[in-house]
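Visitor: Handing you this structure, nothing more for now.
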Amino acid sequence: MSVLSDTIEWLGDSAHWSGDDGVPHRLVQHLGYTSLTVAIAAAIAIPIGLWIGHTGRLRGLAVVSSGALRALPTLGVLTYASLFTGIGIKAAIFTLVLLAIPPLLAGAYSGLESVDRRTVDAARAMGMTELQILTRVEVPLALPIIIGGLRSATLQVVATATVAAYIPGPGGLGRYLIDGLALNDYPQVVAGSIVVIVLALVLDGIFVLLQRLVLRNRPATVRIAA
Amino acid sequence: MRWVRDNTDKIGDLLVSHLWLSVVPIVLGFAIALPIGWFASRHPRLKGVLLTFAGVLYTIPSLAFFLILPSIIGTGFLSPLNVVVALTVYAVAIMVRSATDAFESVSPAVLDAATATGFAPAGRAFLVELPLAGPVLVAGLRVVAVSTVSLVSVGALTGVSNLGSLFTEGYRTDNDAEILTGVVGIVAIALLLDALIVVAGRVLLPWNRGPRSSVRSPVSPMMSFAQHLRGGRA
């Protein structure tokens, strides 16, 4: 179990906790790429998802096209894109955005679909405009599922940003894994992997709390027997 | 296209190893998740714990998981076993949830009727519950299959040969045809396994086909993708 003790030693070494190659800097980079790509993807996918969910139009198309996006192997898309964009962050951001769109889209439209039609009809009968129905009725009720989409998109991006380090350019935590493998530096590989795993688990935990918070702050609903 | 013609042997070999690296975790994951899901559907208290644990396992990024397994199970760093074990864990993690849903979808009244007709508990589980849970199990298995096939390619970064190796090699040699071949191959395997599962489901669960007038089976091809979106990972 020398790998384990070497890993602990690597993580304990203060040299690995400062500077541009240090864990804090790479962690911040990793989170930076993640939030940037999720923000771009959300700006594209959530309005479309809300429109599809609200109007019920183009639903089949959304399911098929986002499904087709998901079937693509990420590493392939990444390497293919990087042949055209060259070394740098562009290919990684492009791939990660592509990857984050399907769960965000699915979260938005299936969230709205989960809202009881009678509630929407009641809101309409009360004289709410379509925009008011969307922003004051449907979105608040769908929020836990929309956040679920955000959660799954974020976790996928965090995981895939690690793989994206295969292309020189992006820093982030994946560097420890890819560089460590290239140098046969296993303690670095395992230490980097542990940091990535902990990050993913912490982010997932934050989203679980967020989803609970949203559910708690929601006005109590009376369940109507179907 | 010329690159493909010149390298058919290599592509064939990688295709076969990719298929193996996918099929073994899918089959193992299904076999392991089935009893766990059945158990979870029976014990509502433990169900929460089991499903949360599965969710946590599924959160682990694949590349990190592939690389950390050797120090846990004592395999070599480049061993294909790391990929197989990690993907089996993911398969179990997704499938336990589907299996739980599947067994819970069986009506309690039907189970009572089966008991009343004289089925012993084991016989009831295999002859009544399993077939009735079938459609939902098939839907879950399709999600597992597509996700496993695409995850295998990440294993190429750790030196395990599969169609993902065409990505790493194509990137190194600046060969876009090679990368595209890998993408097409992986999507083809995913579609093939998905279709096989659908066909197997139709053959094993003929009562699930529904009335002749409606061509759509209860497990629509979209469903697997819709589920996949929510559970997809990298």
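Visitor: How far, in degrees from 0 to 90, does helix A:186-216 lean away from the longest principal axis of the Cα atoms of chain A, to the nearest 10?
Guide: Tilt of helix A:186-216: around 20 degrees.
Visitor: Next question, about the same structure. With runs of 4+ DSSP H residues as the only contributors, calculate the mean residue ellipticity of chain B at 222 nm using -39,500 (n - 2.57) per run, divided by the residue total and rounded to the nearest 500. Could the numbers behind the result be given before it?
Guide: On the way: 11 runs with 177 residues, N = 234.
So the calculated ellipticity at 222 nm is -25000 deg cm²/dmol.
Visitor: Compute the angle between helix B:44-59 and the longest alpha-carbon principal axis of chain B, please, reported from 0 to 90 degrees and rounded to the nearest 10.
Guide: For B:44-59 against chain B, the angle is about 10 degrees.
Visitor: How much accessible area does residue A:85 have with a 1.4 Å probe, in Å² rounded to the nearest 10?
Guide: 60
Visitor: With the radius of gyration and the Kirkwood radius both derived from the Cα set of the range A:23-106, what is their ratio Rg to Rh? Could the numbers behind the result be given before it?
Guide: Values: Rg = 14.6 Å, Rh = 13.9 Å.
Across the range A:23-106, the Cα-based Rg/Rh ratio is 1.05.
Visitor: On average, how much area does the Cα convex hull of the range A:80-164 cover when viewed from any direction, in nm²?
Guide: Values: hull surface 26.5 nm².
Value for the range A:80-164: 6.6 nm².
Visitor: Just the number, please: Stokes-Einstein D of the range B:1-106 in µm²/s, Kirkwood Rh from C-alpha pairs, 10 °C, 1.306 mPa s.
Guide: On the way: Rh = 15.5 Å.
In µm²/s, the coefficient rounds to 103.
Visitor: Moving on to the next point. Any idea what angle helix B:176-204 forms with the longest principal axis of chain B, computed on alpha-carbon atoms, 0 to 90 degrees, nearest 10?
Guide: It works out to around 20 degrees.
Visitor: For the range A:2-225, what is Rg from Cα atoms divided by 2.2 N^0.38 Å, rounded to two decimals? Before the final figure, lay out the partial values.
Guide: Values: Rg = 20.9 Å, N = 224, 2.2 N^0.38 = 17.2 Å.
My calculation over the Cα atoms of the range A:2-225 gives 1.22.
Visitor: Still on this structure: Need one number: the % of Cα-Cα pairs in chain B sitting beyond the 33 Å mark. Show your work: numbers first, answer last.
Guide: Details: 6967 of 27261 pairs.
When every Cα pair of chain B is considered, 26 percent fall beyond 33 Å.
Visitor: Another question, then. Which value, in Å² and to the nearest 10, is the accessible area of residue A:155 when all protein chains are kept and the probe is 1.4 Å?
Guide: For residue A:155, solvent-accessible area is about 30 Å².
Visitor: Take peptides A:185-192, B:141-148, B:173-180 and line them up by average Cβ neighbours within 10 Å, highest first, as a rough protection proxy. Don't skip to the end; give the middle numbers.
Guide: Working: A:185-192: 23.8, B:141-148: 26.6, B:173-180: 16.4.
Ranked by mean Cβ neighbours within 10 Å, highest first: B:141-148, A:185-192, B:173-180.
Visitor: Expressed in whole Å with the largest first, what are the equivalent ellipsoid semi-axes of the protein assembly as shown derived from the C-alpha gyration tensor as the square root of 5 times each eigenvalue? Working shown, then result.
Guide: Working: eigenvalues 266, 157, 111 Å².
Equivalent ellipsoid of the protein assembly as shown: 36, 28, 24 Å, largest first.
The values are calculated or read from the model by the stated rules, or taken from the named source; none is laboratory data. Just so you know, these numbers come straight off a predicted model, no measurement behind them. Cβ atoms come from the backbone with ideal geometry, glycine included; neighbour counts cover every protein chain shown. Accessible surface areas use protein heavy atoms only, side chains included; no ligands, DNA or RNA. Shrake-Rupley method; radii C 1.70, N 1.55, O 1.52, S 1.80 Å.
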